[in-house]
Amino acid sequence: MEPGKKPPADREYTPYQKGIIRRYYGNLDEIRLVRLENLLADLYLAGEGKKADRLWVKAVELLRDLGCARLRADYIERSRDLADLSEVVKEMASGRG
């Protein structure tokens, strides 16, 4: 590291940058939900195979990050049923999940 430069963790942010960061983390659940909705569409198009396997891993990870009940997330991970995943996404979008 060059003398006089701070490592990224010690970086000072402008008030504008702090506002952007604060809003990002304030909306993180909504961002994750949109990502999960997009993954659902990608899973539908992916069918079977390695790509679908990677997408299912990401989808279950997002479910857990969004606070989905562990048993329900585990069930969806094992069954890989798009209808069940779709139902959970719909519930989360309406605020019940």
From DSSP H assignment alone, runs of 4+ in the chain each adding -39500 (n - 2.57), the sum over residues rounded to the nearest 500 puts [θ] at 222 nm at -23500 deg cm²/dmol
In whole Hz, the Karplus estimates of ³J(HN,Hα) for segment 33-48 (6.51, -1.76, 1.60; θ = phi - 60°; x where Gly or Pro) are 5, 5, 4, 5, 4, 5, 5, 4, 5, 5, 5, 4, 7, 6, x, 10
The size of the Cβ-based charge dipole (Lys, Arg +1; Asp, Glu -1) of the chain about the Cα centre, to the nearest 20 debye, is 340
Straight-line reach check, K58, cutoff 14 Å on alpha carbons, 8 or more apart in-chain or any other chain, hits among aspartates and glutamates -> E37, D42, D74, E77
One quarter of the C-alpha convex hull surface, i.e. the mean projected area of segment 29-94 in nm², amounts to 3.8
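We did not get these values from a lab; they are worked out from the coordinates using the rules stated. The structure displayed is predicted, hence computed values, not measured ones. Neighbour counts run over all protein chains shown; Cβ positions are idealised from the backbone, glycine included.
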